[in-house]
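Below is one structure, written out as structure tokens, with a few remarks after it.
Rule-based calculations on the coordinates, nothing more; no lab input. Quick caveat, the model's predicted, so the values are computed rather than measured. Cβ placement follows ideal geometry from the backbone for every residue including glycine, while neighbour counts extend to all protein chains displayed.
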Amino acid sequence: MSCRLPVLHCRQLLFRMEREVVATEKMASDRQNRVFPSACPYNCFDCCSLQVYVENGRVIKVSANAASVYTGNFLCKKGTAHVQRMYSTERLRRPLLKTAAGHVPVSWEKAFALLAGRIREAVRRYGPLAVGSYVGDGAAGVLKTTVQKVFLAHLGGYTELAGSLCWGAGLAATCLDMGDARSHHPSDLRHARVLVLWGRNVAETNIHLVPYIRQAKKSGCRVYLIDPRRTFTAGLADVHLQIRPGTDWALAAACLIRCLQDGLADENFIAHRLCDKTGIVAWLAGAGTEIYRALVTATGLAEEAVASFTRDIAAGGPASCYLGYGLQRYRHGGLTVRTVDLLWALTGNIGIAGGGINYANRINGKLFDFSFALPEKEPAVRRVRLGCLAQDLEAADPPLAVLLVSGANPASQLPDSKNTGQALARIPFTVCLDHFLTETAAACDLVLPVTYFTETEDIITSGMWNSGLNYAAHCSDPPGECMSEFAIFLELADRLNLHTYPRLPARDWLERCLAPAEAMGLSFARLQAFGHLDNPLQQEVAWAGGRFATPDGLFHALDRKELEAMLRTLQEQEQAAGTLNLLTVHWHGQIHSQHPAGSREGGLPLLYLHPEMARQFNVADGQEVVAATERACLKVKIAVTAAASPHAAHLRQGTGEPGRPVNLLTPPGLSDLGCQAVYNTARIRLLPQA
């Protein structure tokens, strides 16, 4: 039996198909020569809004989108280097399978069959918790960072490599104090009379805050920098308080004592907006001179410098504070941030124009909802902690049989690299989704080449500083056989017969996940039309009027006993003779282990020492030595500079010889809050080369 459509309907259908073909061809033609909106996907404070220039189907230039109030008209060199990176000859173009002879190219058909088979066998033998997931922040994108966990949720569960390498302790602390992490709009700096950059090296890691700072300085704002090192940001500061590493909590506590005892505290805030269950305010107000001097001595600063700083933030304000992510990479990292938060609260600098304690800005997360893509039954999720991964994997029951890694390089980035690498190697089947053969990819059994941010459609935003939302257009086609994460997990869902997994186009995911924002006038279609929009929930002043997101609406002070316990450590702490504190720091040339193409430094990593420290350890500039801990050692080259801390050495993150990352020297362990790795607790010895 045949079925014939009416002639008119056939003609209409043919006409519609012809229009779709023409539209598709026009889109492809448009993509040959035009400018597209996008955003930088790096794990950076700035989340820059971009314009991507395409000629003959190839990206030729990436520049700043001056329409964004956060980005303005300039980019850092990492941003402008995206073109070289995406077309690098080192970029992966085909799936790779690890063999006895090394990694060899395989077809996507073989890669999918192998991966689906391994997942199926792991679930059959141990259950879904035998499949592990690590989604890092190496490449931002709402879809890029979401689909892997959605896929595993439909598998019934998974093991998540969880915790924080950068900001967890401070984030947890901020949420305990205020109920959430929110920041002022940077334009509010025009109202500040004092600005404190507390461990925030804006000149290298948050450069688009710098114009706001310069404008504030022109209006008479006094700028403090608190940092163990003399970074480029010191050039912006009127006063540089070169504190001993790890003693930020002691400085904040000393300032609190001075503030309360000198009558500089905001009594109205204390009476009406503060929840102080353990009486920390009364304890600080009654602290004796001995305690105060012990705190000041711990910081390495002069008493007058601490007193002057306290007067400025308490009486010379409004005072704004921007916190960095280094001061909380210690075992007491949460307490540190909570003590600084309390200082800002008691000086009356929270909830007012020109004030604010700015650590992170999670306002953008409130616009997205992926519940449409999740299964009705909540998946079983087991978490192993990044800060002590080797120990957690060894104790895991059931064991991990498959691990999927995307947007991360744990072999280089995680602490305790030697034991971490061995633990990862014991997982029977490891898979890395990446652009390059990183240290992690080189150790994996299967490597899948994924699209760059210009080669697929997405939304890019951040929770670190600004509240901008960026539409990332599909600007160009990927090289070789690169495939998007979205397409990869859709294919895997089909091969594993995950019937509940949503079979929707990527565009539908983006439209649906942003649906909660439509009531505020922000839809995906509007974002696509404008390219960049600010979050309508962002306010110029966070916590205006002292109203917080805690259950009772009050600011919650830290526990007095925790601060007392830290105070006791000042007397109990004795550093091993002949050792020095090691800091691993961010710098302007790279993001963690991600380097602009061709920019990776060769040779030994540089260990930066202050001249006083070099004399103390009897080493000279350019000398090659061995930096050793109880767990590992690393060959380094001494770089003597007055910009280094007089109390510690430092190495740049993401450097090191192949297979010898700097994190061989960093210890495992967790902070008091937020499941945060404790990189800055490492102590090293300097030994002559064998």
Roughly how tilted is helix 108-126, in degrees to the nearest 10 and between 0 and 90, from the longest Cα axis of the chain?
60
Provide VAL202, VAL123 in ascending order of the number of other Cβ atoms located within 10 Å of each residue's Cβ, fewest first.
VAL123, VAL202
So which of LYS98/LYS637; LYS144/LYS366; LYS149/LYS366; LYS98/LYS418; LYS144/LYS377; LYS98/LYS635 end up more than 27 Å apart, counting from Cα to Cα?
LYS98/LYS637; LYS98/LYS635
Which whole-number percent is the relative contact order of the range 576-688 (Cα, under 8 Å, 6+ apart)?
38
In nm, to one decimal, how far is the modelled label at VAL35 from the one at SER371, with both set 7 Å along Cα→Cβ?
4.1
In nanometres, what is the gap between the two model label sites at ALA487 and GLU204, each 7 Å from Cα along Cα-to-Cβ?
3.9
The range 543-690, dipole about Cα centre (Lys/Arg Cβ +1, Asp/Glu Cβ -1), debye to the nearest 20:
300
Once the piece of chain linking ALA271 and ALA285 is laid out straight, how much longer is it, given 0.36 nm per residue of separation minus the C-alpha distance between them?
3.6 nm
Go ahead and collect, in residue order, the members of the range 260-291 whose backbone nitrogen is under 17 Å from a label point 7 Å along the Cα-Cβ direction of GLN539.
269, 273-274
Take peptides 35-48, 642-655 and line them up by average Cβ neighbours within 10 Å, highest first, as a rough protection proxy.
35-48, 642-655
Rg/Rh ratio calculated on Cα atoms of the range 253-356 (Kirkwood radius):
0.94
Residue farthest toward the positive end of the dipole of the chain, with Cβ of Lys/Arg at +1 and Asp/Glu at -1: which of CYS47, THR278, CYS166?
CYS47
Multiply the residue gap between ALA515 and ALA628 by 0.36 nm, knock off their C-alpha separation, and tell me the result in nm, one decimal place.
35.4 nm
What's the whole-number percent of alpha carbon pairs in the range 576-688 lying beyond 23 angstrom?
26
List the aspartates and glutamates whose Cα sits under 15 Å from the Cα of LYS77, skipping any in the same chain fewer than 8 residues away.
ASP46, GLU204
Decide, for the range 59-215, between rounded, prolate and oblate: order the square roots of the alpha carbon gyration tensor eigenvalues as a ≥ b ≥ c, take rounded if a/c falls under 1.5, and otherwise choose prolate if a/b is larger than b/c, else oblate.
oblate
Round to the nearest 0.05 the FRET efficiency obtained for PHE74 and ASP621 when R0 = 22 Å and r is the Cβ-Cβ distance.
0.10
Explain nothing, just the number: relative contact order of the chain, from Cα pairs under 8 Å at least 6 residues apart, as a whole percent.
21
Quickly estimate the mean residue ellipticity at 222 nm for the chain, helices only: each DSSP H run with n ≥ 4 gives -39500 (n - 2.57), and the total goes over all residues, rounded to 500.
-9000 deg cm²/dmol
Listed by chain and number, the aspartates and glutamates with an alpha carbon less than 12 angstrom from that of LYS217, same-chain partners under 8 positions apart left out, are ASP238
Once LYS637 and ARG120 are pulled to full extension, the length gained, defined as 0.36 nm per residue separation minus their Cα-Cα distance, is 181.3 nm
Taking only the C-alpha atoms, wrap a convex hull around the range 147-282 and report its volume per residue in Å³ as a whole number.
198
For the GLU90, ASP238 Cβ pair and Förster radius 51 Å, calculated FRET efficiency rounded to 0.05 is 0.70
At GLU564 and ARG503, where each label point lies 7 Å from the Cα along Cα→Cβ, what is the point-to-point distance in nanometres?
6.5
Quick one: of the DSSP bridges fully inside the chain, what percent are antiparallel, nearest 5?
45
Using alpha carbons only, how many degrees (0 to 90, rounded to 10) separate the axis of helix 168-178 from the longest principal axis of the chain?
70
For peptides 130-141, 504-515, 473-484, 542-553, sequence by mean Cβ density within 10 Å, most packed first:
130-141, 473-484, 504-515, 542-553
If I fit a long axis through the Cα atoms of helix 560-572 and take the longest principal axis of the Cα atoms of the chain, what angle between them do I get, 0 to 90°, rounded to 10?
70
Cα convex hull volume per residue for the chain, in Å³, equals 181
For a footprinting-style exposure proxy, rank LEU533, LEU393, LEU469 by other Cβ within 10 Å, fewest first.
LEU533, LEU393, LEU469
